[in-house]
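Take a look at the structure set out below.
Every number here is computed from the coordinates shown, using simple stated rules; none is lab data. Predicted, not measured: the structure shown is a model, and the values here were computed from it. All Cβ positions, even for glycine, are placed from backbone atoms using ideal geometry, and neighbour counts span all protein chains on display.
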Amino acid sequence: MAEIRIENAVKTFGKVTAVDNVSLTVHDQEFVVLLGPSGCGKTTLLRAVAGLGLVDSGRVMIGNRDVTYLPPKDRGISMVFQSYAIFPHMKVFDNIAFGLKMQRMPKPQMIARVQQAAELLHIENFLDRYPSQMSGGQRQRVAVARAIAVQAEVLLMDEPLSNLDALLRLEMRAELKRLLAELKVTTIYVTHDQIEALSMGDRIAVMRDGKILQCDSPSTVYDTPTDRFVGGFIGTPPMNFLQGQVRRENGAARVFIGDFGLIPVPEMLDTLLTRDGEVVVVGIRAENMEALNQPAEDALQVRVLVVEPLGSQNLLTIQIGSDIIKVSTHPDFRVAPDKDIWIRFPSDKIRWIDRDSGKTLLPAVQIAASG
Amino acid sequence: MSAGTVTSTRRGLDAAQRRAIRARKLRRVSVYGLAILISLWILLPIWLIGTMAFSTRADVRSYPKHVAPVPFSTETMEFFLDTEGILTATQNSIVVAVFTLTLSTAIAAPTGYAISRYLFAGRDAFRLGILAVRAFPIVILAVPLAEQFRDWNMFDKVYSLALMHTALTLPTTILVIASVFASVPVELEEAAKVFGCGPVAAFRRVVLPLALPGIAAAAIFTFVMSWNEVFAAILLTLDNRTLPARILYTLDKSGDPFKFAGGFFMLVPSLIFIFFVRRYLFNMWGQITK
């Protein structure tokens, strides 16, 4: 059992607060991704768990042990570094065996463990080589093999794939995911690549300015971001944001983009009604809008600026008022730049966001329940 | 046919392109020319010294000088080595240099490690301070030091000169060793700590093996600096002269063969050592050769 619990962690560097009162629980055998732009504090948080940088205040628990001030070697962790950090003066075998040697493991058992880890990473034929005789991808495998050979209950990964080229990264991503699922190890994985986060994590903790904005499953983070930043950071293309004005019409709330009224889902009506006359931000994903070639009652007429055929989809860039949005359509959808099309906004796909705070508005029922 | 193609493409260039090509050629020629000049400036005297050191004493005195040691003879070198005091001085030089090397490296290694790894208060001031020691003219340091040493009964001792040399070489040694440690990525040390090492074990198992060649280079460079140092050696010793001090002291009373042979004898260890450690010394100036 190795649950990781971070409680109110704070870490400052001079005047910069890198980690700002963060609490996060990673369940036993769970794979949590820390995702965020560079400088958001994700690596600092990981290093606090590793013991490579101590928090100024707060606690770090692994299992049921308070490890906040323990040195890395006493935390029962293992780690893969961004730069691989494999030892250039040791052969691959000794690199993988390093942690085991430090544990003074008996030799036969150690050899078996190294062999096993090497086989999992398909580097069993390179054990006699020095790292300098290997490619970047192979070195990366050595780093992972070294990390899993010690069979720690907690595995920390700091952007392990970011130094690989795109094709290798894609391959290694799937392989790592399968490997970690088999090992059933509690994992914290740091990345700035949202696709990596979506594809690998059980949960994604999206960070910005030293805070965790949202920590949910990949599909939840993608579909219902709690924050405008999360929606804008995750997804290719990111979520679209439009300005809309709330108006009461026949007793119900409507949100108008120009003259076009969006119909919110029934649960949201009460929340939006309290903002009658105010401007809210409408968030919707590119693939959730429906593009039409003919006018329709419930569709907004727009002008197409750019058409990008991407193979599996056509990505349209569209101007609505002062906002530029992206709409993804079926590759068969025929359209040319500077032509008009009509787009439909399915009510259940629209997210409503407070313009000033950037927070997603919740249905009144949910607010009552959580409050 | 191929020649024809070349001329036709040449002709295809407009005037601006041709000018650009000519300018580039000119630049390259002048860079190479300059490099060759500088190399000759340094290499010619060395060659001359080597040639003279292995010519007969008669040839050394004659003009014009030979351009190669023909006929080859060890007579001049033998004459130099047989001169009274030379072997003792050589021995003194080696003792001073080894003592300096040991002391300097022992102090510089931890200092260099601290500078390269830790952001402590006053780190930049400390670095500057280290360099500032070099800005002191040796005269200003050596004369009062000679008096002080006399008071302490340390004057004209080989080990007091070694102390002086340690002070003189420390700045360079510290900076070279700091750059050596800086070239060992911190992540390697961190990885060692994650996989079971305490700070000392991480240093011993990972940092030290990787830094050792560089530290050795710095030590050798220290040796060479002490081996070549003459000014402090003259001021601080009288009977226990080191080799450069001994040679310099009798320089104006000696003939050309002695000078050339002495020069050669001084030069060779330095050249050999520097040749082996040149990669690490380049590193110090930020040119990473890996």
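HN-Hα J couplings of the range B:48-55 from phi, Karplus 6.51/-1.76/1.60, θ = phi - 60°, integer Hz, Gly and Pro as x?
Rounded to whole hertz, the list is 4, 4, x, 4, 5, 4, 10, 10.
State the antiparallel share, in %, of DSSP beta bridges confined to the protein assembly as shown, rounding to the nearest 5. Mind dumping the intermediate values first?
Details: 61 of 79 bridges.
The antiparallel proportion sits near 75 percent.
Output wanted: per-residue J couplings in Hz (rounded whole) for the range A:186-194, from phi through Karplus 6.51 cos²θ - 1.76 cosθ + 1.60, θ = phi - 60°, x for Gly and Pro.
6, 10, 10, 10, 9, 7, 10, 9, 5
Specify whether the C-alpha gyration tensor of chain B places it in the rounded, prolate or oblate class, a ≥ b ≥ c being the square roots of the eigenvalues: rounded for a/c under 1.5, otherwise prolate if a/b is larger than b/c and oblate if not. Provide the component values of the computation, followed by the final result.
On the way: a/c = 2.28, a/b = 1.10, b/c = 2.07.
Taking the square roots of the gyration eigenvalues as a ≥ b ≥ c, chain B is oblate.
Could you check the simple spin-label distance between residue A:250 and residue A:355, using points 7 Å along Cα→Cβ, in nm with one decimal?
Going by the 7 Å Cα→Cβ label model, 2.7 nm.
For residue B:279 paired with residue B:256, estimate the spin-label separation in nm (one decimal), with each label point 7 Å from Cα along the Cα-to-Cβ line.
4.2 nm
Would you tell me the mean number of C-beta atoms belonging to other protein chains that fall within 10 Å of each C-beta in B:194-204, as a whole number? Can you show the working numbers first?
Values: counts 20, 20, 11, 6, 5, 1, 0, 2, 3, 0, 0.
Partner Cβ neighbours, averaged per residue: 6.
Whole-Hz Karplus ³J(HN,Hα) for the range B:117-130, in order, using 6.51 cos²θ - 1.76 cosθ + 1.60 and θ = phi - 60°, x for Gly and Pro?
Karplus values, whole Hz, x for Gly and Pro: 10, 10, 8, 9, 4, x, 5, 5, 4, 4, 4, 5, x, 4.
Using the basic label-point model (7 angstrom from Cα toward the beta carbon), what is the residue A:115 to residue B:18 distance in nanometres?
If labels sit at residue A:115 and residue B:18, their model points lie 7.4 nm apart.
How would you rank B:190, B:78, going from fewest to most other Cβ atoms within 10 Å of each one's own Cβ? Could you put the intermediate results ahead of the total?
Numbers: B:190 23, B:78 12.
Placing the least packed residue first, the sequence is B:78, B:190.
Which of the peptides A:31-37, B:44-50 is most tightly packed, and how do the rest follow, judged by the mean count of other Cβ atoms within 10 Å per residue? If you can, show how the numbers build up before the last one.
Working: A:31-37: 25.3, B:44-50: 14.7.
Descending mean neighbour count gives A:31-37, B:44-50.
Which whole-number percent is the relative contact order of the range A:240-370 (Cα, under 8 Å, 6+ apart)? Intermediate values should be presented prior to the final figure.
Numbers: 268 pairs, mean separation 36.9, N = 131.
Relative contact order for the range A:240-370 comes out at 28 percent.
Search the structure for amide H atoms under 5 Å from the amide H of residue A:234, placed 1.01 Å from N in the peptide plane, and list their residues when 5 or more places away or on another chain.
Result for residue A:234 returns A:239.
So if each residue of separation counts as 0.36 nm, and I subtract the Cα-Cα distance between residue B:38 and residue B:114, what length gain in nm does that give?
Numbers: separation 76, 0.36 × 76 = 27.36 nm, distance 3.74 nm.
Here the segment from residue B:38 to residue B:114 would lengthen by 23.6 nm.
Assigning unit charges at the beta carbon (Lys, Arg +1; Asp, Glu -1) and nothing else, what dipole magnitude in debye, to the nearest 20, does chain B show about its Cα centre? Don't jump to the answer; show the numbers that get you there.
Details: 28 positive and 17 negative charges, 382 e Å.
It works out to roughly 1840 debye.
If I take every Cα pair under 8 Å that is 6 or more residues apart in chain A, average their sequence separation and divide by the length, what percent do I get for the relative contact order?
Details: 766 pairs, mean separation 55.5, N = 371.
Averaging sequence separation for qualifying contacts and normalising by length gives 15 percent for chain A.
Output the relative contact order of chain B, whole-number percent, from Cα pairs under 8 angstrom with separation of 6+ residues.
Result for chain B is 26 percent.
Could you give the dipole magnitude of the range A:4-233 about its Cα centre, charging the beta-carbon of Lys and Arg +1 and that of Asp and Glu -1, in debye to the nearest 20?
Values: 27 positive and 25 negative charges, 136 e Å.
In debye, rounded to 20, the range A:4-233 gives about 660.
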